[in-house]
């Protein structure tokens, strides 16, 4: 193809993508329908993002997904009066091409029968969300919740609770939401209502509540009822401390964005979120590192069996460290985070067992804090029950990342040029670096990148959705015969859940 023809083709594809954007938006805002391509959401995406999503399909289907095929899908979907659903356009398109049906509308009506002509019949209820704390994780949670608010159902960010930091507190809080040195500017508009202590973000009114105590707030006075309070301060980590939130009027459940202590359930979404029960009023979302490594350890244990191993995390500095040398109650953490590599401890390896009991006592761990602000790496040094090769491990993990129910937790990359900043903003819990894999029979060394801020925040939101029961139905349903759900290689292994 000559250069002029290539440019003409590109322009034609851009035109198709531009036509798709209002259809995707209409389905989302009017029908509460989320569209995706092999798990990559199309909501609020640009023309270039849509083109990249279609090209991504070649990793799974061996060919690039044609916009000339997905556009008719969207044009037909908007006519079907759909109820709330999550639709994978690539898999719907593949199903239509493999079927004997010649009418696209007839195929979609049959495939989506449970939600066709169900417009306005969304049985999900909205859940009020309160962010207790507004630090690094709190602000990223706010960004994600605002981004997800277009359908009008599900999780609704209603309030943020902080301690007043001075006369300009509200303006400064809004500014920190608007600008982020690591994750870039907020996508949208933000205004401040000083009289009512409200931050308006993309039309979402976020009530800022000033309080020094988690137990004395009357949320109902702000119109907030049966709220899910997300404590991202880390100040309380046990049931006694976190139960203070339940003493405030208008609170139904509490989620901690840190590892919990005692008997609290530590949830890694994709692994043990099915253990959350309606009577569980307090749940924890474990740590960023535990979320990054547990899904990978799960599928490796299912396939090859893990005898024992060591987890070493090369972790970005966090705001509990010092910019310059100063007192810190933790060993070595008082030394300058910007100037040093700091050897410290991590509880992530032991915490894995709370989500994967079969790995109890099999893992040790340590951490090295390094002078970077975001994106960390976990190095898994494992002894396996069954011998394997680098190619077998990488092929297996790549398939898991593309086709299984853990595709929102595990990503895979094999580029020789990637570095840590390439993973800022990753929505996956962990990204396996295939080129770095080392395998010698039963000894395996695996390198897993993770955005310890944003990737973790996405996992937290998934736990929130599980607690609130606001997941839309997925079409087509994920095939249960995915690599991660095939643990027959090792007796007694449990299948990974097939979730969206």
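No value in this document is a laboratory result; all are computed from the given coordinates. Computed from a prediction, not measured in an experiment: that's the story for all the values here. Cβ coordinates were reconstructed from backbone atoms using ideal geometry, including for glycine residues, and neighbour counts include every protein chain displayed.
Observations on the structure shown:
- Mean Cα-pair separation over length for the chain, i.e. relative contact order, pairs under 8 Å, 6 or more apart, %: 14
- Straightening the chain between residue 358 and residue 417 buys 17.7 nm, computed as 0.36 nm per residue apart minus the Cα-Cα spacing.
- Burial ordering of 280, 433, fewest other beta-carbon atoms within 10 Å first: 280, 433
- FRET efficiency, residue 322 to residue 171 (Cβ-Cβ, R0 22 Å, nearest 0.05): 0.20
- Taking a ≥ b ≥ c as the square roots of the eigenvalues of the alpha-carbon gyration tensor, segment 3-143 is classed oblate because a/c is 1.5 or more while a/b is no larger than b/c.
- Pairwise centroid distance, computed over Cα atoms, of segment 44-72 with segment 429-459, Å: 26
- What separates the Cα centres of segment 207-251 and segment 263-333 is a distance of 24 Å.
- Take the Cβ atoms of residue 79 and residue 99, set R0 to 22 Å, and the FRET efficiency comes out at 0.70.
- Shape of segment 332-439, Cα gyration tensor, a/c cut at 1.5: oblate
- Extended-chain gain in nm, criterion 0.36 nm per residue less alpha-carbon gap, residue 66 and residue 47: 5.4 nm
- Helical runs (DSSP H, four residues minimum) scored at -39500 (n - 2.57) apiece and divided by the length of the chain put the mean residue ellipticity at 222 nm at -9500 deg cm²/dmol.
- Extended-chain gain in nm, criterion 0.36 nm per residue less alpha-carbon gap, residue 110 and residue 471: 127.8 nm
- Set against the labelled values (i) 30.2; (ii) 23.1; (iii) 25.6, mean projected area of the Cα convex hull in nm² computed from this structure falls on (iii).
- Rounded D (µm²/s) - segment 127-258, Kirkwood Rh over Cα pairs, Stokes-Einstein at 10 °C, 1.306 mPa s: 107
- Each of 390, 408 was scored by other Cβ atoms within 10 Å of its Cβ. Listed from fewest to most, they are 390, 408.
- Cβ crowding within 10 Å, taken as a proxy for footprinting-reagent exposure, orders 379, 198, 48 from fewest neighbours to most as 48, 379, 198.
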